[in-house]
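Asker: Pasting a structure here, questions to come.
The values are calculated or read from the model by the stated rules, or taken from the named source; none is laboratory data. All values derive from a computational prediction rather than experimental measurement. Cβ atoms come from the backbone with ideal geometry, glycine included; neighbour counts cover every protein chain shown.
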Amino acid sequence: MNVPQPYQVVGRDRETADTVTLTLEPVGDPLPAFRPGQFAMVYAFPRGEVPLSLSGTTPSGTGLTHTVRAVGPVTSALAGLRPGHHVGVRGPFGTPWDLAAARGGDLLLVAGGVGLAPLRPLLLRALDEPRDHRGVALVVGARTPADLLYRDQCDTWAQRAPVAVTVDRPEPGWTGNVGVVTTLLDRVPYQPRNTTAYLCGPEVMMRATARDLVHRGVPASRVFLSLERTMRCGTGHCGQCQLGPLLLCRDGPVVAWDRAEALLAVREL
Amino acid sequence: MTTSAGFLTGLTEPQRGQLLALAETVRFPSGARIFDEGELAERFWIAEEGSVALDVHVPGQSPPIVETLGPGDLVGWSWLFPPYRWHLGARTLSPVTARQFDAAAVRDRCARDPDFGHALTCAVGSVIGRRLRGARARLLDLYGPPRGGGR
Amino acid sequence: MTHRGTRTVHVGALSRVEGEGELRLRVEQGRVTEARLRIYEPPRFFEAFLRGRTHREPPDITSRVCGICPVAYQLSACRAVEDACEVAVTGQLAALRRLLYCGEWIESQTLHIHLLHAPDFLGYPDAITMARDHRADVERGLRVKQAGNAIVALLGGRSIHPVNVQLGGFHRTPTRAELAPLAERLRRALDDALHTVTWAAGFDFPDAGCDDHLLALAEPGRYAIEAGTPTVMPAPRSARLPASSTRALPTSTFPVRDFERHVVERQLPHSTALYSSLDGHRHLTGPLARYAVSGRWLSPLAVEAALAGGLGDPRAGTVCRNPFRSILVRAVEVVYAIDEALRVIDAYEPPPAPAVPVPARPGRGHGATEAPRGLLYHRYDLDADGTVTEASLIPPTAQNQAAIEEHLRRVAQSRMDTGPEPDDEQLRHLCERAIRNHDPCISCSAHFLDLTVERH
Amino acid sequence: MSGVDRRPTMAVWKFASCDGCQLTLLDCEDELLPLADQVRISYFLEATSAAGPGPYDLSLVDGSITTPADAERIRHIRDVSRYLVTIGACATAGGIQALRNFADVAEFRAAVYASPEYVETLADSTAISLNVPVDFELRGCPVDRGQLLEVITAHLAGRRPDISDHSVCFPCKRRGTVCLPVAKGVPCLGPVTHDGCGALCPAYGRGCYGCFGPSGSTNLPAFVPLLRRDGMSGLDVVRVLRTFNTAAPEFAAASSALAEAERPPEAGQRDATGEPGPGQDGAAPRHRWEDE
Amino acid sequence: MTEPTRQAVMGPDGLEALRQALVRRGRTVVGPTVRDDAIVLAELTSASELPFGWGVEVEAGRYRLRRRSDRMAFAHSAGPQSWKKYLHPERVRQWTADRGPDGTLTVREEVDRPPAYAFLGVRPCDLSAIAVQDRVLVGGPHRDEAYRRRRTGAFLVVVECVEPGATCFCVSMGTGPAVHGGHDLALTEVDDERGHRFWVRAGSEAGAEVLAELPVRPADPTTVARAEEAVTRAAGRMGRTMPPVDLRDLMRDTLEAERWNDVAARCLTCGNCTMVCPTCYCTTTEDVTDLTGEHAERWRRWDVCYDLDFTHMHGGTVRRSGLSRYRQWLTHKIGTWHDQFGSSGCVGCGRCIVWCPVAIDITEEAHALHAEASGRDAEGAGAS
């Protein structure tokens, strides 16, 4: 059955001025388990649906965590929800982050803006299973310090793994880095040839980062991007999320750079 | 796209030796002003430890930071091109250790050794290019609220 | 504030009328010396830009003069151009046109009765507020209106600016099967419409009369709608204002082609509408005029409705001259239009072609039909390839404007004469009611009311 | 009604137009009373004598700007409206009265009025959006009832209205109408015209005449030859583009280019499709005071 | 129990018997018929509504109905509509949602009960098109239930093609004019000196059962030979071809070709080609609400990659230019469809050519891209 299942908001954390993280628990039977990188179609009654990537894990195992930025009518409605409110959820859809590709090597996570959200469950899993990898590093770019997601958690993560953060526009009192996210690629430790990179952020930022990483020696097949196009159905039937040969709701959103590079190079593909 | 793994990687081993021979190691405490906008660019640095902020003087504000630099980064390039004046200011955000160069001596060396001069100019050019790309990327305000849609 | 002396009362932005206008009354020492209906609806220059268009275009273009009665414009335009091209549309195509027009009568007259006019009699600012206490009456009106719109939408494609009318007939004619569900709906609407007559008959009507010449099309044998000959019932000779119900007087007629010789438009500074007069007299078109010249041709069911509504027997020559009672005449006309629509549907056989050809030829053509608000006249001059070289449109409200102003003056004066001088607010309310009696279509006249009462 | 009335307020305004678009609201026979339960109709002259004060949550604007006083009035309406929707071709593209933009308005006025000096008007009829910022534009001459309700219900629900910008061909094919130009050689503006009517004319065997204006994606230079193939003269094409959306930029550009190419040696003033007049040479409307 | 008849010959009266046999099975029988100057698909209340003696003349951007000199019912190429009209309807409600007074959300899946269809007169190219849509809509991990309910058990009567149109190229796409399975019954129409008749074969058990109820005679060698000959002859009379190359490679390698500018200058982006295409399946969603806002519905309707909204993201439209939208359609249809669904999306029916108002021809564009690519290869070879 491909209709939204009712979920209840059980937690709501304000991340930034326009972004909140919702924790949802099923009202009835839970949907099949979501893996990091996959997304749900989340329905805000009565306005409509938006695709939202999983942004965290819940202790119950049946819950879902989504971080949503209010940019349109549906996301604004979602961002305005309070515990007890209901939403509809369909999923899981799409490809997960390929964590197996990184086994034994370094993990480099590069996030831009709200792109940190889909990477968070991957980071948490990697931190929980340190023996599977050589190392984990996180690089984060944001517009301003106030736009940084999960700020407190970043500090906690930084105690367990190298975390580098930069902003485009500092605010008074900001003592961290200023500049584009690619300038941080030299500030965290990883062995390029033995690294798997996971990028999520604006497409322009991911393209520049992927090129820089490949230039440094990270294999293109191990640079993963989470791509975005219009999605209506999530089930591969509406045709709207096509990127050349890819149906991003099915063959994505996570796509390796060796596939994505040529596609993203063609304008308006 | 060039790697940004340190300014010196743009030079060959011998050239690197030639350049570093002109350097002395200096230390700045945290919060020290290294240079200021408009001053004559008589020296430049390659950061080894610590963090340097490039900033600009705006009346009535604490100087806004344009970009931060870290280990391996070239601090200052205005010394290479006329009018040899800093177009931004630089101050340390932490204690900084850096290699310091006398600009006139390096320019003189470039003039006498065109191969060295060419290599150094390319290395500085590559840094300028990278900073220009970064500046443009930030100009796009990629993480900002979506625009242009309307519907 | 009430005071004797001279004052100006201004009714800005008339409500529950179609289009924009205002009203100004000048009162000097208890005498209403001037009543002006000022139409500030901006001019749109239809007659100017019709020039240079082809002869096939006036029906669609002139439809846009008025979203309230687009069918009236389309069919007056068709008749005028067909007249110029010497083509007559007859038989089932003519019957379908009448059916379409019945649709517009039903929806437009019902709109006026239930949504615009009735709230005046029951004391509400609008039908929506009225619905709180009289929901069934408002809903009944909406049902009848919907039935009228259903006719226009089926035959015309949509209820406002229908797309299916063309010179010579239609683009596509319906099958009998398509009309069948319409008939079903109209039969239910007929009961509702009869109910509306008796409902409206219960309203409290001020005593009033009018001494205008009455002008309407007449077509012996049936109530004129989409065709007919201009027919005049003169004003009673008596110096006294006639009572609201009078006897019919002998009528005279003139051919449509002579319309502009009899009805002359002139412009006054205060208005973007044009005033017109009939052979130098103030005249009135619309339901009272139609009922006076064509009442005897109403269908038996409509005559019964007229009797039940207290309008007297139109077959015996009873004429209604009370503008306040126009709501009853409209309600009877709605009954007639539904009855007539059912008759047309019953007799319908699909014509062999949806339209007859109307090849261009040079000449002048005249067309007049009975829009819900009154007689609507079009005239076009065509050149050899069918290009329109001159156009003239005379809408009912422009013809009625002088009469409306006179009614306003009298209503206001009568109020002054029969009690304590009313304050501005009371005068405003009274004047707005008086205007709504005529369902003026200001958009049409754009060529129309804020009441300014000057009290000097 | 007891307590605070929390219903959003709605106002309906009229400028130069035939009234048809605001009448569309009264034509929503099934929805009118339920709608009045959800919104307070605060200002709607055609329907009510009770005029509530602003500001208004939702303003529907019918008609185009053609007089100096109206240009002033629309600015006031914008000031007192939270969400302003233009309804119909007049408000959205200047309407048929924008034919004056291509002609000499003084001559037009003289042609209609014996005493033109009494009539105050601007040289151009302009869309509301050329005068004040507009939140949503609903097309059509007249607007479609269903679309009007969609805009209102979407506004009430905080949804984006489901109003497509695509061509009339989309609904035409969806409803299974046989393509008139292809199967019969009948000229049809469907491929360049904005959907909204649901492809009404072709369903009645008539070529679309463009009453919803240009679609979101037109290619008129490629389209005009198709009309010519199907038997229209250059002047016919100019006429059909210059009707109810005459001043819509895409239609105006195509009709002006064609009119220029088709101009007879002596273009008389009687040709309503003649040269582009003042106001067509730039995007911005130029208000000129005709009566001083 | 006797073995059901697998092949036979029947006269034209067999068509009405066939229709009735299908109606007796509770099916809604749909087939071609003449309406509005075209051969359209509609429910048949009598086999006499089939277009006996009607043919069509087609060219790019042009379709005209014409009288034939014979009685053939299926001697016409594809019309303006395809079977997706029934299997993948233009607008379907997917669910309704209500919010209770306590804020609880109830979503009900729409489970409609479509008629059991029987399609009479499916051309082989269109049979392939149905197979293509099967792969798209019910062949993946998620199934489109509205499609599945209509498709499951639809009875398909294929009529082999003996009269291809000037815009046909099923031979290039390997989908016709002969039928190669996937049908319940296959007919081949013959009208010669021996009379007007149909060679009938059953392609399924259900087909065989129906065949057993029809007024047939044993298949005679002459009829079979005439029928096979007519189909073979049709294969040689295709009005169009595709370039004899791997179209998937061609599309992948020509994304930046000059030719796209040329076709973009002509394309109206009106979307007609996708609407008439029997395989184009794209949809968009509508979330509609009632006035109270307490009841909402989700509808799905056909959408088109030519629509600016089709690729609208919060930042704007991805495919803004007409060029990119035409390119998306063509490269998807004959190129990336392979990547996505394991076959071409084009079956060679020619509808997009006929119903394009400005006569853009998919085969001409493919040839031009091929020529441009070949020219470029040649240049490249010369230069090296």
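To keep it simple, each residue is scored yes or no on (1) more than 10 Å from chain E (Cβ to nearest Cβ); (2) closer than 23 Å to A:Gly252 by Cα; (3) among the basic types (Lys, Arg); (4) within 16 Å of the chain's Cα centre (by Cα).
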site: A:Arg35; (1), (2), (3), (4): yes, yes, yes, yes
site: A:Gly48; (1), (2), (3), (4): no, yes, no, no
site: A:Leu78; (1), (2), (3), (4): yes, no, no, no
site: A:Pro83; (1), (2), (3), (4): yes, no, no, no
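Asker: Looking only at residues in region D:34-80 that are among the polar types (S, T, N, Q) and buried (at least 23 other Cβ atoms within 10 Å of the Cβ), which one is farthest from the chain's Cα centre (by Cα)?
Answerer: Ranking the qualifying residues of region D:34-80, first place goes to D:Thr48.
Asker: Can you give me the number of residues within region C:308-330 that are part of a helix (DSSP H, G or I) and within 17 Å of C:Thr246 (Cβ to Cβ)?
Answerer: 9
Asker: Can you pull out every residue in region D:217-233 that is part of a loop (DSSP other than H, G, I, E, B) and either within 14 Å of chain C (Cβ to nearest Cβ) or basic (Lys, Arg) (or both)?
Answerer: Answer for region D:217-233, where residues must be part of a loop (DSSP other than H, G, I, E, B) and either within 14 Å of chain C (Cβ to nearest Cβ) or basic (Lys, Arg) (or both): D:Gly231, D:Met232, D:Ser233.
Asker: Being among the β-branched types (Val, Ile, Thr) and under 16 Å from C:Arg296 (Cβ atoms) is the filter here; which residues of region C:309-334 pass it?
Answerer: C:Thr318, C:Val319, C:Val329, C:Val332 - these are the residues of region C:309-334 that are among the β-branched types (Val, Ile, Thr) and under 16 Å from C:Arg296 (Cβ atoms).
Asker: Another question, then. Are there strands (runs of 3 or more DSSP E) fully within region C:186-285 with at least 3 residues that are modelled with pLDDT of 95 or more? List them.
Answerer: C:213-218, C:229-233
Asker: Which of the residues that make up region A:138-164 are more than 23 Å from A:Leu22 (Cβ to Cβ) and away from chain B (no Cβ under 11 Å)?
Answerer: A:Val139, A:Pro145, A:Ala158, A:Gln159, A:Arg160, A:Ala161, A:Pro162, A:Val163
Asker: Consider region E:269-310. How many of its residues are closer than 22 Å to E:Val40 by Cβ, part of a loop (DSSP other than H, G, I, E, B) and facing chain D (nearest Cβ under 9 Å)?
Answerer: Final tally of qualifying residues: 3.
Asker: In this structure, is D:Pro191 more than 9 Å from every other protein chain (Cβ to nearest Cβ), buried (at least 24 other Cβ atoms within 10 Å of the Cβ), part of a helix (DSSP H, G or I) and in contact with a helix residue (DSSP H, G or I) (Cβ under 7 Å, 6 or more places away or on another chain)?
Answerer: No, not satisfied.
Asker: Can you find a residue in region B:65-76 that is within 14 Å of chain A (Cβ to nearest Cβ) and of a type in the set (Gly, Ala, Ser)?
Answerer: Yes, region B:65-76 has at least one match.
Asker: Continuing with this model, one more query. Could you tell me which numbered condition B:Thr25 fails, if it satisfies all but one of (1) of a type in the set (S, T, N, Q); (2) within 12 Å of chain A (Cβ to nearest Cβ); (3) surrounded by fewer than 21 Cβ atoms within 10 Å (Cβ to Cβ)?
Answerer: The failed condition is (2).
Asker: Any idea which residue in region A:1-33 is nearest to the other protein chains (Cβ to nearest Cβ), counting only those that are touching a His at 6+ places or on another chain (Cβ under 6 Å) and under 30 Å from A:Ala142 (Cβ atoms)?
Answerer: Step by step, filter region A:1-33, then rank; the result is A:Val9.
Asker: Go through (1) at pLDDT 90 or above; (2) hydrophobic (A, V, I, L, M, F, W, C); (3) over 30 Å from E:Val318 (Cβ atoms) and name the single condition B:Val58 misses.
Answerer: (1)
Listed here are the residues, each with its yes/no results for (1) among the charged types (D, E, K, R); (2) at pLDDT 95 or above; (3) closer than 26 Å to C:Val87 by Cβ.
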site	(1), (2), (3)
C:Arg140	yes, yes, no
C:Ala150	no, yes, no
C:Ala153	no, yes, no
C:Leu179	no, yes, yes
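Asker: May I pose another question? Looking only at region E:115-170, how many residues end up being in a helix (DSSP H, G or I) and within 15 Å of the chain's Cα centre (by Cα)?
Answerer: 17
Asker: Of everything in region A:1-29, what is closer than 29 Å to E:Arg143 by Cβ and surrounded by fewer than 19 Cβ atoms within 10 Å (Cβ to Cβ)? Give them in sequence order.
Answerer: Those that are closer than 29 Å to E:Arg143 by Cβ and surrounded by fewer than 19 Cβ atoms within 10 Å (Cβ to Cβ): A:Met1, A:Asn2, A:Val3, A:Glu25, A:Pro26, A:Val27, A:Gly28, A:Asp29.
Asker: Might you check whether a residue that is more than 16 Å from the chain's Cα centre (by Cα), in a helix (DSSP H, G or I) and within 11 Å of chain C (Cβ to nearest Cβ) occurs anywhere in region D:202-216?
Answerer: yes
Asker: Also, quick follow-up: With respect to the numbered conditions (1) modelled with pLDDT under 95; (2) more than 8 Å from every other protein chain (Cβ to nearest Cβ), which one is the sole condition not fulfilled by E:Ser321?
Answerer: It fails just one condition, (2).
Asker: Is it the case that C:Gln109 is within 12 Å of chain D (Cβ to nearest Cβ), closer than 29 Å to D:Gln38 by Cα and not charged (D, E, K, R)?
Answerer: Against the criterion (within 12 Å of chain D (Cβ to nearest Cβ), closer than 29 Å to D:Gln38 by Cα and not charged (D, E, K, R)), C:Gln109 does not qualify.
Asker: I've got another one for you. Return the pair list, or none, for Cβ contacts closer than 6 Å from residues in region B:49-60 that are within 12 Å of chain A (Cβ to nearest Cβ) to residues that are basic (Lys, Arg), at least 6 apart or on different chains.
Answerer: B:Ala53/B:Arg91
Asker: In region A:225-269, which residues are part of a strand (DSSP E or B) and touching a Leu at 6+ places or on another chain (Cβ under 6 Å)?
Answerer: Correct list: A:Leu225, A:Leu243, A:Pro253, A:Val255.
Asker: Can I ask one more? Specify which of the listed residues (A:Ala265, A:Ala260) is at pLDDT 95 or above and out of contact with any Pro (no Cβ under 7 Å at 6 or more places or on another chain).
Answerer: Being at pLDDT 95 or above and out of contact with any Pro (no Cβ under 7 Å at 6 or more places or on another chain) holds for just one of A:Ala265, A:Ala260, which is A:Ala260.
Asker: Separate question: Given the conditions (1) crowded, with 23+ Cβ neighbours inside 10 Å; (2) modelled with pLDDT of 95 or more, report the number of the one that A:Pro121 does not fulfil.
Answerer: (1)
Asker: Hey, another quick one. Which numbered condition trips up D:Asp57, out of (1) touching a strand residue (DSSP E or B) at 6+ places or on another chain (Cβ under 6 Å); (2) part of a helix (DSSP H, G or I); (3) not basic (Lys, Arg)?
Answerer: Looking at each condition in turn, D:Asp57 falls short on (2).
Asker: Determine whether D:Ala183 is part of a helix (DSSP H, G or I), under 20 Å from D:Asp230 (Cα atoms) and not charged (D, E, K, R).
Answerer: In short, yes.
Asker: Also, I was wondering about something else. Looking at E:Leu137, E:Leu105, which one is buried (at least 24 other Cβ atoms within 10 Å of the Cβ), within 30 Å of E:Asp287 (Cα to Cα) and out of contact with any Leu (no Cβ under 7 Å at 6 or more places or on another chain)?
Answerer: Every option except E:Leu137 fails the conditions.
Asker: Can you confirm whether region E:235-246 contains a residue that is under 30 Å from D:Lys173 (Cβ atoms), part of a loop (DSSP other than H, G, I, E, B), away from chain D (no Cβ under 14 Å) and basic (Lys, Arg)?
Answerer: Within region E:235-246 (the criterion being under 30 Å from D:Lys173 (Cβ atoms), part of a loop (DSSP other than H, G, I, E, B), away from chain D (no Cβ under 14 Å) and basic (Lys, Arg)), the answer is yes, since at least one residue qualifies.
Asker: From D:Phe136, D:Phe170, grab the single residue that is modelled with pLDDT of 90 or more and crowded, with 24+ Cβ neighbours inside 10 Å.
Answerer: After ruling out the rest, the residue left standing is D:Phe170.
Asker: Confirm whether A:Gly105 is surrounded by fewer than 21 Cβ atoms within 10 Å (Cβ to Cβ) and in the same structural domain as A:Arg143 (by TED's automatic domain parsing).
Answerer: yes
Asker: Can you tell me which residue among C:Gly169, C:Gly221, C:Gly209, C:Gly202 is in contact with a Pro (Cβ under 6 Å, 6 or more places away or on another chain) and within 27 Å of C:Thr318 (Cβ to Cβ)?
Answerer: Residue meeting the stated conditions: C:Gly209.
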